[in-house]
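J.: Have a look at the structure that comes next, please.
The values are calculated or read from the model by the stated rules, or taken from the named source; none is laboratory data. Please read these numbers as outputs of a predicted model, since none were measured by experiment. Positions of Cβ are generated from backbone atoms using ideal geometry, with glycine treated the same way; all protein chains shown enter the neighbour counts.
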Amino acid sequence: MLDMDESSTDGELLAAVADGSAVALEVLYRRHASWLVVRLARRCADPAVVDEVIQDTFVSVWKSAGRYTGQGDVAAWVWAIAIHRLVDAFRRRPPAAYPLDEFAPQLTTLESAEDRVLLGIEHGDLAGALGRLSPELRTVVQATVLDGLTTREAARLLGLPAGTVKTRMMRARRALRKELA
């Protein structure tokens with residue numbers, strides 16, 4: 001096994017993790033945990049949940065490193081794991097209830113801004129327009145708009161050149177404008 005240190009590539013580190021190297025996992029953690037925390041904190045305001053998701057992410061990296069296919073960037077693969085763990089954490093949490101008085105609308109849960117936006121997307125004209133996009137265009141829209149990834153990050157996650165992501169996003173915007181006009 002190679003001597004794993006900060007100069008090793010992510011691919012080398014992940015291969016070493018697949019072979020059982022805790023040192024390689026530690027290097028991957030030091031390299032990626034800080035930006036993961038920042039990105040996850042943009043999607044979840046609860047630091048305890050973000051910390052739990054980070055831990056779950058690297059446990060998953062430890063367990064599934066051997067399944068990494070080598071396609072795309074390791075950072076994008078780790079991000080995909082992290083975002084799935086965040087969704088799982090949201091699903092496990094019961095909805096936050098708040099007391100209602102007789103003048104308040106009959107709501108039983110406190111919705112986040114993201115929930116309200118997604119609810120509007122699911123039930124508005126935009127949902128239909130998104131549904132009619134080709135899968136290639138829809139995945140780019142989801143990665144850049146809904147997940148908030150930059151073009152470069154979306155390209156890594158989707159295993160595409162950045163120019164292709166930009167072109168597909170331009171085509172998706174044009175199609176959505178036409179659908180919603």
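J.: Mind checking which residues of segment 55-82 are surrounded by fewer than 16 Cβ atoms within 10 Å (Cβ to Cβ) and among the charged types (D, E, K, R)?
T.: Residues satisfying the conditions are K63, R67.
J.: Output the residue which, of all residues in segment 107-150 that are polar (S, T, N, Q) and assigned to a loop (DSSP other than H, G, I, E, B), is modelled with the lowest pLDDT.
T.: Result: T108.
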